[in-house]
Amino acid sequence: MKTLKQLTVLILFLSGLMTTGCDREENAPPPEPPTINVTDSLVMVDLYHSMKLGEWGEAYNWDLTDPESWIGIGFQTDENGLKYVNKISIVHGKNIECSLPSSLGNLKYLSEFGLGGIPNLRDPFPESIYNCPMRIMSIFDCPKLTDKISPKIAQWKNTLEELSISKTSFYGEIPKEIGECQLVKYVNLTWNKFSGTIPAEIVKIPCGTIFLGHNEFTGVDWRIYTENIGPGDFLCSFNNFTGEIPQEVLESERWNHFHSFYPFNEGYGFTNYPLDENQLPK
């Protein structure tokens, strides 16, 4: 009889434990929903490691599990409270060799991208970034960042408002597709290694003055002066221009209204560039 009572007590005790465990599981608060979508989160992990931000000190000491700690990253939030990256601004880097991840193109809401003062940022600029709806592209003082501006810049024709690439190793010709970006209000492409012929289509951009100085351009599409291509003007002193300016250009109304090629890089220049007394070499 005693043994039967002991067994009954044990069964009741175990039943109570099981019931309590079930209650705890049923009444437990639901897990916190993610605050940032998975794709963007993975891209930020790529960016953190490829830029080696963990070696930059406290300025970019991100906690990869906490988007609130991602200094330099901006977000927009959808109707469900889920965050998407729409801004990247990384400046004043350490002298550490680093690069940009190709996965940047997966950020479907990225509209502002800025880099500055990163002396050892290397490798090509990821072409995938042209998939992003870019509004502001600003890169300065990244002397080892090497690439061309892709014709895919036309993919930004409905979004781009500012294009500034200065003091980099970007090179090659400016693609004519840049003229399709009709919303641009500011263009600065100075102090790079752009070369070849300045395309006529660049003056289709209705932004006033386009800054092209301190590069390695060798020629100009003279249709800028002989045809009604577009309203834009440009400053392009300190380049490697050679050859002779066509007479029809010198006689054009636009030439008389505006031209700015002088001074040239040392050893270069149009052979018949008309210098006035205020522009003569000292």
Notebook entry, point to check: So which residues in the range 135-179 are part of a loop (DSSP other than H, G, I, E, B), open to solvent by less than 30 Å² (accessible area, probe 1.4 Å) and β-branched (V, I, T), if there are any at all?
Noted result: I149, I174
Margin query: I need the full set of residues from the range 114-124 which are buried (at least 21 other Cβ atoms within 10 Å of the Cβ) and within 9 Å of the chain's Cα centre (by Cα), in order please.
Written below: L115
Margin query: Out of V220, V203, I need the residue that is touching a Cys at 6+ places or on another chain (Cβ under 9 Å) and among the aliphatic types (A, V, I, L, M). Which one?
Written below: V220
Notebook entry, point to check: Among the residues of the range 234-272, which ones are open to solvent by 50 Å² or more (accessible area, probe 1.4 Å) and either of a type in the set (V, I, T) or in contact with a Cys (Cβ under 7 Å, 6 or more places away or on another chain) (or both)?
Noted result: T242, T271
Note to self: Suppose we keep only residues that are surrounded by 14 or more Cβ atoms within 10 Å (Cβ to Cβ) and among the polar types (S, T, N, Q) within the range 40-73. Which one would you say is nearest to C98 (Cα to Cα)?
What the structure shows: S50
Notebook entry, point to check: Out of the range 192-208, which residues are more than 21 Å from C142 (Cβ to Cβ) and either open to solvent by 50 Å² or more (accessible area, probe 1.4 Å) or among the acidic types (D, E) (or both)?
Noted result: T197, E201, K204, P206
Check: Of the residues L189, L275, which is open to solvent by 30 Å² or more (accessible area, probe 1.4 Å) and of a type in the set (A, V, I, L, M)?
Finding: L275
Next item on the list: Please work out which residue is nearest to L183 (Cα to Cα), limiting yourself to the range 209-220 and to residues that are open to solvent by less than 40 Å² (accessible area, probe 1.4 Å) and not small (G, A, S).
Entry: I210
Checklist line | Condition check for P119: within 18 Å of G93 (Cβ to Cβ) and in contact with a Ser or Thr (Cβ under 7 Å, 6 or more places away or on another chain) | finding: no
Item checked: Leading residue by the ranking (nearest to K148 (Cα to Cα)) among those in the range 182-231 that are modelled with pLDDT of 95 or more and among the small types (G, A, S) -> S195
Check: What is the number of the single condition among (1) modelled with pLDDT of 95 or more; (2) touching a helix residue (DSSP H, G or I) at 6+ places or on another chain (Cβ under 7 Å); (3) in a loop (DSSP other than H, G, I, E, B) that Y130 does not meet?
Finding: (3)
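Residue-wise test of (1) open to solvent by less than 20 Å² (accessible area, probe 1.4 Å); (2) in a loop (DSSP other than H, G, I, E, B); (3) on the phi < 0 side of the Ramachandran plot; (4) in contact with a Pro (Cβ under 9 Å, 6 or more places away or on another chain).
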{"residue": "S89", "(1), (2), (3), (4)": "no, no, yes, no"}
{"residue": "K94", "(1), (2), (3), (4)": "no, yes, yes, yes"}
{"residue": "L104", "(1), (2), (3), (4)": "yes, no, yes, yes"}
{"residue": "Y109", "(1), (2), (3), (4)": "no, yes, yes, yes"}
Next item on the list: Kindly list, by first and then second residue, each pair from a residue in the range 201-213 that is without any contact (Cβ under 8 Å) to a residue 40 or more places away in the chain and among the small types (G, A, S) to a residue that is open to solvent by 40 Å² or more (accessible area, probe 1.4 Å) and part of a loop (DSSP other than H, G, I, E, B), limited to pairs with Cβ atoms under 7 Å and residues at least 6 apart or on different chains.
Entry: G213/F238
Next item on the list: Note down all Cβ pairs under 6 Å where the first residue falls in the range 46-63 and is under 10 Å from G93 (Cα atoms) and modelled with pLDDT under 95, the second is surrounded by fewer than 19 Cβ atoms within 10 Å (Cβ to Cβ) and of a type in the set (G, A, S), and they're at least six residues apart or on different chains.
Entry: none
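The values are calculated or read from the model by the stated rules, or taken from the named source; none is laboratory data. Fair warning: this is a prediction, and the values are worked out from it, not measured in the lab. Please note: Cβ atoms are built from the backbone with ideal geometry, for glycine as well, and neighbour counts cover all protein chains shown. Accessible surface areas use protein heavy atoms only, side chains included; no ligands, DNA or RNA. Shrake-Rupley method; radii C 1.70, N 1.55, O 1.52, S 1.80 Å.
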